[in-house]
Amino acid sequence: MAAVTRVARDASIIAWRNLLNLRRTPGSVIAALIQPVMFVLLLSYVFGGSLGGDAYRTYLMGGIFAQAVTFNAAFTALGLAGDLDRGIVDRFRSLPMPPMAVILGRALSDLTMSALTIAVTSLCGLLIGWRIAGTLPEAVLAYLLILAFAFAMSWVGATIGLTARSVEVAQSAGLIWLFPVTFLSSAFVPTATLPAPLQPVADWNPVSATATALRTLFANPAPPTAPARDTWPVVHALPYAVLCVLVITAAFMAVAVRRFQGAGRG
């Protein structure tokens, strides 16, 4: 219990340090907030007319939430790579501080950024006509799921940042995987509209599970003309999304801590 308390205390200190450092990089904060707004407006008004109009705009929001917090993993990757490049990770490693606390602090500070991103995305969705049609408990569960998925994605970003070992490499590696993962999913279109070989991949994609679970909890159905699939991850999107969060967090947490222990400037 003492070890858990120590990790929590040190992680909160690191998280606060990271949040204070955001004052020096306001551009990255603005970019993280503008990005989901751009996707909402572009996809809803450029493609929305041909994909279902108002019904598609409502359907789209579940995918935008999942995509926005997935893209925030790049924020974590850049933050840790920057600390590694400047030798701050070396200083952290020399302190009597659990390795878990440093990365957890980064994940928690970036979770705060994700919460702000979710709030801005929600407001933008309301402006284009999106509404939560489900119950209040379902809506609360939906937002908790988004935050949990954001936390899981932070550990993916942490692993990339600690592996890249430089800001330049982290910037490329932190972004290159995001587009296939988010677009090869049901974030923007039903998986049944994809080529047949890609449909199973998209069905089992954690981004698809999160987007579909959010639509179910928000009571935002697909447009009437949209084709549907009845595969297990689609029908059981909520439990599968929760399972994905747990597996991704556990797996990448272990890898990130191992990478941190071996990280250094040399």
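Summary of computed values
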{"item": "All positions within the stretch 124-171 that are within 18 Å of the chain's Cα centre (by Cα) and without any contact (Cβ under 8 Å) to a residue 12 or more places away in the chain", "result": "Val140, Leu144"}
{"item": "Every residue from the stretch 52-70 that is of a type in the set (A, V, I, L, M, F, W, C) and buried (at least 23 other Cβ atoms within 10 Å of the Cβ)", "result": "Leu60, Met61, Ile64, Phe65, Ala66, Ala68, Val69"}
{"item": "Among residues of the stretch 161-190, those that are closer than 22 Å to Val257 by Cα and of a type in the set (Phe, Trp, Tyr), counted", "result": "1"}
{"item": "Answer residue from the stretch 9-34, given it is open to solvent by 30 Å² or more (accessible area, probe 1.4 Å), modelled with pLDDT of 80 or more and of a type in the set (S, T, N, Q) and is nearest to Leu78 (Cα to Cα) among those", "result": "Asn21"}
{"item": "In the stretch 149-173, the residues that are surrounded by 24 or more Cβ atoms within 10 Å (Cβ to Cβ) and of a type in the set (Gly, Ala, Ser)", "result": "Ala150, Ala152, Ser154, Gly157, Ala158, Gly161, Ala170"}
{"item": "Residue ID - nearest to Gly63 (Cα to Cα), chosen from residues in the stretch 81-112 that are open to solvent by 10 Å² or more (accessible area, probe 1.4 Å) and touching a Phe, Trp or Tyr at 6+ places or on another chain (Cβ under 6 Å)", "result": "Leu111"}
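Per-residue answers, yes or no, for (1) in contact with a Ser or Thr (Cβ under 7 Å, 6 or more places away or on another chain); (2) modelled with pLDDT under 95; (3) among the small types (Gly, Ala, Ser); (4) open to solvent by less than 30 Å² (accessible area, probe 1.4 Å):
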site	(1), (2), (3), (4)
Leu175	no, yes, no, no
Pro190	no, yes, no, yes
Asn205	yes, no, no, yes
Ala209	no, no, yes, yes
Leu214	no, no, no, yes
Asn220	yes, yes, no, yes
Pro224	no, yes, no, no
Ala241	yes, no, yes, yes
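Conditions tested, residue by residue: (1) of a type outside the set (Asp, Glu); (2) under 30 Å from Ser186 (Cβ atoms); (3) touching a residue at least 60 places away in the same chain (Cβ under 8 Å).
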residue: Ala11; (1), (2), (3): yes, no, yes
residue: Ala15; (1), (2), (3): yes, no, yes
residue: Asn18; (1), (2), (3): yes, no, yes
residue: Arg24; (1), (2), (3): yes, no, no
residue: Ile34; (1), (2), (3): yes, yes, no
residue: Phe39; (1), (2), (3): yes, yes, no
residue: Asp54; (1), (2), (3): no, yes, yes
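The values are calculated or read from the model by the stated rules, or taken from the named source; none is laboratory data. Keep in mind it's a predicted model, so treat the numbers as computed, not measured. Heads up, the Cβs are rebuilt from the backbone with ideal geometry, glycines too, and the neighbour counts pull from every protein chain shown. Just so you know, the surface numbers come from the protein's heavy atoms only, side chains and all, with ligands and any DNA or RNA stripped out. Shrake-Rupley method; radii C 1.70, N 1.55, O 1.52, S 1.80 Å.
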